[in-house]
Amino acid sequence: MLMSQSDQKVIIIDFGSQVTQLIARQIRELGVYCELINYKFFNKLNKFDKSVKGIILSGGPKSTLNKSAPKINISKINQNIPILGICYGHQLISNFFGGKTKFSKKKEFGNATLFEKKKSLLTNGFFKNKINTVWMSHSDSVDIIPRKFKVIASSSNSKFAILEHKERKIYSTQFHPEVFHTNNGKKIFFNFLFKICNVRKNWTDNKKISNIINKIKFSVKNNEKVLCALSGGVDSSVLAHLLFKAIKRNLICVYVDTGLMRMGETEEINRIFKNKFKKSFYIINAKNIFLKKLKNISDPEKKRKIIGNIFIKIFENFTKKNKNIKFLAQGTLYPDLIESKSFSGSPTSIIKSHHNVGGLPKKMKLKLIEPFNEMFKDEVRKIGKSLNVDQYLLNRHPFPGPGLAIRIPGSIDKKKINILQNADKIFIDELKARNIYKNIWQAFAVLLPVKTVGVMGDSRTYDYVCALRAVTSIDGMTADYYNFKHKDISEISNRIINEVNGINRVVYDITSKPPGTIEWE
Ligand code: XMP
């Protein structure tokens, strides 16, 4: 967790919602420092320091009526600190102050129309003509509101969708203002921060950078070395630049050629980083070991764990030869964590093990440095921009640590990797040539473990199917498929079928996230 470098902060108490970090993101975007803490940690706290200017209670997957549901003692919060409860937090507040929540098995999920009932500081500028569209995700709802609380807005399914206790400065919403689907959601946070908590905007990219640099300088002592796992993706590239700025003499950057990279990638990374980091940049060729260990492995989670373990073994072997290496620095992002394990110890459900997180062995010999583990990719890109990181590196689409291994469902071999590299190169080259690469958040090809019959010239073919995936997104947490012009997708598909040996059919994936994930495994 980032330590407070600011004289004012907002605390978010996490009850395990998948979107809690979006609250932090909204607040940081508004230029205010915040910390995310687990509700159990809150329960152990005796007092808050003076810099705490507001508290937000997140959503969560449990029912507040469940005996084992996460709870906190709200009266521990100093009377002059404003509180905002969201979804689960809304119901907790209501229960705590004497209201009643009604149990329901039926979920209200998705968009809802909200009607303004009363003016409030919280909703200043939020409604248009007393109406707004918001995003709901709940089953239970508040049935009786506590004394002294007023209803600010209602929807047809949630009579008490926004509540206010004006004197005590407690506000709560049944909907999620932090998600992008809530129209104008940022206004709720803006009003809470600047009109109710009365904080100032003072948390800038430069402050974030100096905060991280100070922490790294503080942790790394004189001769200790930091091994930076550099994949050449946006996150690890920005991280390497940051470490270079903080502790240049202690830095060793290692790029592992897994053989699962995109075509020409290793050569390109070598060219860029050899130039910048000179002798502190190493390339390790580990193609054979990855291929050997992944042979006949089809299960996606097994693949990810194996890859994570090989990475760590390689790094540990490297440290045997370089005795002073004490730290492993990784560009792990918040979404990598939230989908791999419960981040702040809250009951978030697990989606998939990201290789740089879930794959870590229990007994790690190196200490971890992961300064981006509370950030989203676009925040890291902004930091990279402030650090003058090469535009080519900053604007690249994300590429997962396990590489092409998770874009070949089923077992992997050299031949399949080569087919996929060729198809992917054509796809990406075409997006760039058509000037649409920059409109897409992430695009790639997937080689399916299915062969189908085709006809080319006068001959029958029996080859693999290639799926193309292109999505738009803000942070990778949710995504929509990219709506190609018919001509573009059909010409790209033709090129792949005509030029890539081993593929005779192309399909386009039109699944959004959720319900799909961006990668296929
Ligand atoms: P999903 O597939 O979970 O992916 O919707 C969200 C974003 O994360 C990337 N991704 C990974 N990145 N290690 C990484 O560094 C991983 O193991 C990993 N798995 C997925 C994915 O490419 C997308 O941008």
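Numbers for the structure displayed
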{"read-out": "Checklist (1) away from the ligand (no atom under 15 Å from the Cβ); (2) touching a residue at least 40 places away in the same chain (Cβ under 8 Å); (3) open to solvent by 70 Å² or more (accessible area, probe 1.4 Å) applied to Tyr508, failing item", "value": "(3)"}
{"read-out": "Number of the exception - Cys34 against (1) in contact with an Asp or Glu (Cβ under 9 Å, 6 or more places away or on another chain); (2) at pLDDT 90 or above", "value": "(1)"}
{"read-out": "Unmet criterion (only one of (1) within 16 Å of the ligand (Cβ to nearest atom); (2) in contact with a Phe, Trp or Tyr (Cβ under 9 Å, 6 or more places away or on another chain); (3) at pLDDT 65 or above; (4) open to solvent by less than 30 Å² (accessible area, probe 1.4 Å)) for Gly359", "value": "(3)"}
{"read-out": "Selection count, segment 226-261, where residues are over 23 Å from Lys313 (Cα atoms) and within 14 Å of the ligand (Cβ to nearest atom)", "value": "2"}
{"read-out": "Positions within segment 242-264 being of a type outside the set (Phe, Trp, Tyr), without any contact (Cβ under 8 Å) to a residue 40 or more places away in the chain and under 24 Å from Ile383 (Cα atoms), in sequence order", "value": "Ala246, Ile247, Lys248, Arg249, Asn250, Leu251, Cys253"}
{"read-out": "Residue match in segment 246-259 (condition: in contact with an Asp or Glu (Cβ under 7 Å, 6 or more places away or on another chain) and open to solvent by 10 Å² or more (accessible area, probe 1.4 Å))", "value": "yes"}
{"read-out": "Subset of segment 69-89 [farther than 15 Å from Ile162 by Cβ and of a type in the set (A, V, I, L, M)]", "value": "Ala69, Ile72, Ile74, Ile77, Ile81"}
{"read-out": "Residues located in segment 390-409, provided they are over 17 Å from the mean Cα position of the chain (by Cα), among the aliphatic types (A, V, I, L, M) and away from the ligand (no atom under 13 Å from the Cβ)", "value": "Leu393, Ile408"}
{"read-out": "Restricting segment 372-383 to residues that are open to solvent by less than 20 Å² (accessible area, probe 1.4 Å) and within 16 Å of the ligand (Cβ to nearest atom), the residue that is farthest from Glu316 (Cα to Cα)", "value": "Glu379"}
{"read-out": "Hey, Ser210 within 16 Å of the ligand (Cβ to nearest atom), of a type in the set (Ser, Thr, Tyr) and farther than 20 Å from Asp14 by Cα or not", "value": "no"}
{"read-out": "Residue list for segment 159-177, restricted to those being over 22 Å from Leu22 (Cα atoms) and touching a helix residue (DSSP H, G or I) at 6+ places or on another chain (Cβ under 9 Å)", "value": "Phe160, His165, Lys169"}
{"read-out": "Cβ pairs under 9 Å, 6+ apart, first in segment 306-326 and surrounded by fewer than 14 Cβ atoms within 10 Å (Cβ to Cβ), second not hydrophobic (A, V, I, L, M, F, W, C)", "value": "Asn322/Lys225; Lys323/Lys225; Asn324/Asn223; Asn324/Glu224; Asn324/Lys225; Asn324/Asn250"}
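So that you can scan it fast, the table gives a plain yes or no per residue for (1) buried (at least 24 other Cβ atoms within 10 Å of the Cβ); (2) within 22 Å of Ile188 (Cβ to Cβ); (3) free of Cβ contacts under 8 Å to residues at least 24 places away in the same chain:
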{"site": "Gln8", "(1), (2), (3)": "no, yes, no"}
{"site": "Ile13", "(1), (2), (3)": "yes, yes, no"}
{"site": "Val19", "(1), (2), (3)": "no, yes, no"}
{"site": "Gly31", "(1), (2), (3)": "no, yes, no"}
{"site": "Ser58", "(1), (2), (3)": "yes, yes, no"}
{"site": "Leu65", "(1), (2), (3)": "no, no, no"}
{"site": "Ile74", "(1), (2), (3)": "no, yes, yes"}
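Let's see how each residue does on (1) in contact with an Asp or Glu (Cβ under 8 Å, 6 or more places away or on another chain); (2) open to solvent by 10 Å² or more (accessible area, probe 1.4 Å); (3) touching a residue at least 24 places away in the same chain (Cβ under 8 Å):
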site	(1), (2), (3)
Phe149	yes, yes, yes
Ser158	yes, no, yes
Leu163	no, no, yes
Lys186	yes, yes, yes
Ala240	no, no, yes
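The values are calculated or read from the model by the stated rules, or taken from the named source; none is laboratory data. Just so we're clear, the structure is a prediction, and the values are computed from it rather than from any experiment. Cβ atoms come from the backbone with ideal geometry, glycine included; neighbour counts cover every protein chain shown. Note: accessible area is taken over every heavy atom of the protein model, side chains too, but ligands, DNA and RNA are not part of it. Shrake-Rupley method; radii C 1.70, N 1.55, O 1.52, S 1.80 Å.
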